[in-house]
Structure formats: structure tokens, C-alpha cells
Amino acid sequence: MSTANPAPAIQFNDGAAYERYMGIWSRKVGEQFLHWLAAVDGMRWLDVGCGNGAFTEMIAQHCAPAALAGIDPSEEQLAFARTLLPLAAADFRAGDAMALPWADNSFDAAVMPLVIFFVPEPAKGVAEMARVVATGGLVTAYAWDMAGGGFPYAALQEEIAALGIVMPTAPSVEASRLDVMQALWQDAGLTDVETTTITVQRQFRDFEEYWEIIQGGPSVKGGRAGMTPEITEKLKERMRELLLADSTGKITVTAKANAVQGRVTA
């Protein structure tokens, strides 16, 4: 059933559900991103769009930060992040990536993990990260290759769209492209700009585990208003056909992210 209504915006407000739906994916790609970044210990870090703290926690565990802060528009997500013991001393604030509530030169590194496609004006978000990072510091990001089908649940989204359901959308999908990210960093006056692609896989115990987990994500939750029980069952069976299980019943899904880093100059 189709509808002429505009697609709603994607929102993440349930930290626990997000953890199962995306937090695990975030950690998998975050580990490779941090290895590529090769940042030194003792830096002051800002996590822009920190959500439930999945990547912020990785910074705390692997980068020995001198200080750690995070910002996100969702108070519910931040409440979940504050329950994580490694983040007990972190400075979490509710706010906008395009208007960071910190002074110039407050950090040595700013990262936007899996977020840039949610920022209505990505150039403003990059400029704000550059503003709050001190000279010589890092401005970085990684994002699912949304335009290239790299999102972990891309196949699910395609099938929902094929059923005529209007899904939640990200406002800046093109910003996840590698060439666009590189241009954004260069246009912000950042130097030593480098990019890379990161491929990760996640294994689900069986199809039923996959189906249960996606119920907490925006693709299904956001489109549920347009799904009758019959449409929902049709979607379930179509996904069961697409996600082929191995001999033990396990399902493996592959995703791809693009990453960029650059340095602030005087």
C-alpha cells in the first residue's frame, strides 16, 4: 500500500533496542576505524552524534582519553550512555551537531560516527568539528555507504520500499559517499585528508533472531503504520528467502562504511 505522505525523519530514542539493532554493528566498524585512525593516547575527544555511547565507550577503552565528551539530540539515548561504567566521567550534552556547545580549541579530536547522513547540513557539522578542535588535531568520521548499498539493513529497506511503504529517511544520504566526504573535509580547510573503506560482517544465530532484532530499528518501526499483518508476513517471508542460512542455520550479513580524517591548521 503506497502513501503520498512524506517520509518521516529517522529517530533513535530507545538505547537498549538501538544497542541490539545498531550498537553491535557500530562496534564492529568502530574497531577497524580506530585501527586505521591510529590516534595517540591522551587526547581530548568529542563524539558528535554519540547516541547510546557505543563508540564513545570504545574511545574510552582503547584511546586512553584525557577528556571525553559526547553530544546527541536524544535525551533517551544519552540516558543509556550514562549507564555505561567506562563513561562515568564523560561530559554528555543534548544538542545539535551544527551548533556545538563548546568553545573553540576545546578538543584534540572530534569524530562523527555513523552520523553525517543524519545532519541536515553536513558542511556545517564538519565546520563545527573543525572549530572546536585545536590546531593539529583530528576531525574524523565514518558512515555507512548509504548511496552504495553498504547499510547493514539495505536489503530490508529495499524490500519495504518495494511493498510501497514510505520509510524514515536520512536527510543527507549523499554525504556518506567517499568522494563527498573528502570534498567536505577539504572545503572545511582541513589538511592531510585521507579516506578509506571498511567492510564488516555480523552473524545472526538464525533468521528468527534477525527478525526479532530489526523490530527495534527504524526501518520496521517507522514503516509499521503502513503494514497490515499480511504485508508484514510477506516482508518476513521475502527476507527469509534473501538471507540464506548456512548449514547450521546462521545468517551472515555484510556492510560497508566510508571513513575520512583530516587535521586542523592554524
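Just checking, which of Ser176, Ser172 is touching a Pro at 6+ places or on another chain (Cβ under 9 Å), more than 20 Å from Thr56 (Cβ to Cβ) and of a type in the set (Ser, Thr, Tyr)?
Details: Ser176 fails: touching a Pro at 6+ places or on another chain (Cβ under 9 Å).
From the options Ser176, Ser172, the qualifying one is Ser172.
In the set Asp108, Asp104, only one residue is at pLDDT 95 or above, surrounded by fewer than 23 Cβ atoms within 10 Å (Cβ to Cβ), in a strand (DSSP E or B) and not hydrophobic (A, V, I, L, M, F, W, C); that residue is Asp108.
State whether the residues of the range 193-203 include one that is touching a residue at least 12 places away in the same chain (Cβ under 8 Å), out of contact with any Asp or Glu (no Cβ under 8 Å at 6 or more places or on another chain), over 24 Å from Glu121 (Cβ atoms) and part of a helix (DSSP H, G or I). Working first, answer last.
First pass over the range 193-203, keeping only residues touching a residue at least 12 places away in the same chain (Cβ under 8 Å): 193-203.
After this cut, where a residue has to be out of contact with any Asp or Glu (no Cβ under 8 Å at 6 or more places or on another chain) as well, the list is 193-196, 198-203.
After this cut, where a residue has to be over 24 Å from Glu121 (Cβ atoms) as well, the list is 196, 198-203.
When the remaining residues are screened for being part of a helix (DSSP H, G or I), the result is none.
So far as the range 193-203 goes, no, none of its residues is touching a residue at least 12 places away in the same chain (Cβ under 8 Å), out of contact with any Asp or Glu (no Cβ under 8 Å at 6 or more places or on another chain), over 24 Å from Glu121 (Cβ atoms) and part of a helix (DSSP H, G or I).
The residue pairs whose first member lies in the range 144-157 and is surrounded by 22 or more Cβ atoms within 10 Å (Cβ to Cβ), whose second member is acidic (Asp, Glu), and whose beta carbons are closer than 8 Å, counting only pairs six or more residues apart or on different chains, are Phe151/Asp145. Ala123 meets all of the listed conditions (1) assigned to a helix (DSSP H, G or I); (2) over 15 Å from the mean Cα position of the chain (by Cα); (3) under 24 Å from Ala255 (Cα atoms); (4) not acidic (Asp, Glu) but one, namely (3). For the range 79-101, a tally of residues being touching a strand residue (DSSP E or B) at 6+ places or on another chain (Cβ under 7 Å), closer than 23 Å to Ala130 by Cα and either among the charged types (D, E, K, R) or buried (at least 19 other Cβ atoms within 10 Å of the Cβ) (or both) returns 6.
The values are calculated or read from the model by the stated rules, or taken from the named source; none is laboratory data. Keep in mind that this is a model prediction, so the values were computed, not measured. With ideal geometry, Cβ positions are generated from the backbone for all residues, glycine too; neighbour counts draw on all protein chains shown.
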